[in-house]
Amino acid sequence: MAEPIDPQTPEASAAPEAPAGPYVYDYAASPQRQIVLPKTVPLPSLKTYLAEQKAAAAADEAKWVKMQADFESAKAKAEAEGKDAPKPPVRPVPRKDDNDLKTPVPQAAQDADLLTLVALLGDKVEEIFEQAGELVCQVKKEAIFEALKLCRDEAALNYEMLADESGTHYPAATDFAFSVVYHLTSISRRKRLRLRILVPEGFVPESACAIYPGANWMEREIYDMLGIRFANHPDMTRILCPEDWEGYPLRKDYPVVGWGQRDITFREDRGGMIERIALQKAGQLGINLKQPKAE
Amino acid sequence: MGMSINQPSTFEHFLITTKVEKVMNWSRATSVWPVTFGLACCAIEMMAAGASRFDFDRFGAGIFRATPRQADLMIIAGTVTYKMAPVIKTLYDQMPEPKWVIAMGSCATAGGPFDSYHTIQGVDKVIPVDVFIPGCPPRPESLIYGFMKLQDKIMTSSLADRYKDIFEEVG
């Protein structure tokens, strides 16, 4: 015989949580709301690449030394116990990679344009390298205006066009937060060049608008998406997001679904429009919905 | 009286009797003028529906007006961003009554693939929607089918429906 269910027992009285409808999407628990900050700084650089190669070679060497030491100790132990000697270790040969599938590595600069830039700017250049035949020059963040002016006006360089200007957020980097890259094109010489600066949070680099007027909207977009302000810019306002937007969406610490903009409702009767229309329509039908006057 | 019920009266040989409401609904449903308003790739399909192959004009909806003040229908064809939402609301408020809205495609219906910070997850968060058309983008046949559904809705609507919400709001 089955036990009669007592409705007063805590199991029965505790009403189960009302399941949310399938149309209700929990934005707070959404995986898009969670922030995962990157641990690495994927900034292409010759210095970093060489340091990485050196560290990998040192790790290989240390491993090999350890394998040899292990072999020596195992050999001594086997001799003491009168067993057969173990096999000597073989140094692993690095496997040949398929070069087509590898990312082109940064190489030392040989192009005349980069050498000209170094000769003209001196110690304001932080780094020059080539990668897959593309020229990259990293200058000091205070000297970007001078470098751009030089690239446009110097007869040996003659980069007439600023094809693009972009920014990237590197939260894992310690001595800078953003990189701003200027993609220059020389139409007459059919060459391309990248100028790069690394800026910390809060630094205000000089605007390129005085040299390349096309930088106007690109710098506004960088400000809109990353929050880097540019000095001497004619109109440093947001360009893509609405004017009252909070936060900078392309920063890595910005959740994909945004910071509460989901909850904005546009259908509320802000200006009292529904009430005004109702009074008007009711008046047309001969109904007085207005409150009687106090007098 | 000698007149049988099966035989039409003299007047009914040249008169059609109907309801005023039905005539008004019929005239509204067969001359719905959409506003020229495209937001993304769905607008391409909307243009195809308006062109000669699919010929939206067969349903009386081929006259895309360039101002909301002359339009009855707004086809939200594309992704609605937070920057565009106040514009859509303004356009909708500028349209004269009676007015209808079709949310065309998955973006206007529910945000589509853009589950992101800048996209409104369905245009019904901004303005009331009559017909939702799924698809990414919907083919012109889908738009025409959705429009025929809207015509059905208009034909079954009542003149009093228009004031229902307003009176409920005032109380």
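Nothing in this text is a laboratory measurement; each read-out follows from the coordinates by a stated rule. Values in this document were obtained by computation on a predicted structure and should not be read as measured data. Glycine gets a Cβ as well: all are built from the backbone with ideal geometry, and neighbour counts include every protein chain shown.
The table below gives the values:
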quantity	calculated
Rounded tilt (10° steps) of B:85-94 against the dominant C-alpha axis of chain B	20 degrees
A:153, A:111, B:72 arranged by Cβ crowding within 10 Å, fewest neighbours leading	A:153, A:111, B:72
Mean separation of Cα contacts under 8 Å (6+ apart) over length of the stretch A:105-172, as relative contact order %	24 percent
Residue-wise HN-Hα coupling along the stretch A:213-220, computed from phi with Karplus coefficients 6.51, -1.76, 1.60 (Hz; x: Gly, Pro)	x, x, 6, 3, 6, 5, 6, 5
Computed over chain B: relative contact order in percent, which uses C-alpha pairs under 8 Å that are six or more apart	22 percent
Per-residue Cβ neighbour rank within 10 angstrom, fewest leading, A:209, B:41, A:137	B:41, A:209, A:137
Highest-MSF residue in chain B out of B:141, B:12, B:45 [GNM, Cα springs under 10 Å]	B:12
Between the stretch A:152-181 and the stretch B:137-164, the alpha-carbon center distance in angstrom	53 Å
Under the Karplus curve 6.51 cos²θ - 1.76 cosθ + 1.60, θ = phi - 60°, whole-Hz ³J(HN,Hα) for the stretch A:177-185, x wherever Gly or Pro sits	10, 10, 10, 10, 10, 9, 9, 9, 10
Set of aspartates and glutamates with alpha-carbon distance to residue A:191 below 14 Å, sequence-local pairs under 8 removed	A:111, A:113, A:130, A:134, A:160
All lysines inside 16 Å of residue B:149 as judged from Cα atoms, apart from same-chain residues fewer than 8 positions distant	B:99
Distance violations [Cα-Cα > 32 Å] among B:89/B:164; B:22/B:83; B:89/B:153	B:22/B:83
Approximate spin-label separation residue B:12-residue A:175, in nm, with each point projected 7 Å along Cα-to-Cβ	9.8 nm
Burial ordering of A:237, B:81, fewest other beta-carbon atoms within 10 Å first	A:237, B:81
Lysine-lysine proximity count for the stretch A:45-90, Cα under 16 Å, sequence distance 8 or more or distinct chains	6
The stretch B:74-129: relative contact order in percent, alpha carbon pairs under 8 Å with at least 6 residues between	44 percent
Tilt relative to chain B, helix B:20-29 - C-alpha long axis, 0 to 90 degrees, to 10	40 degrees
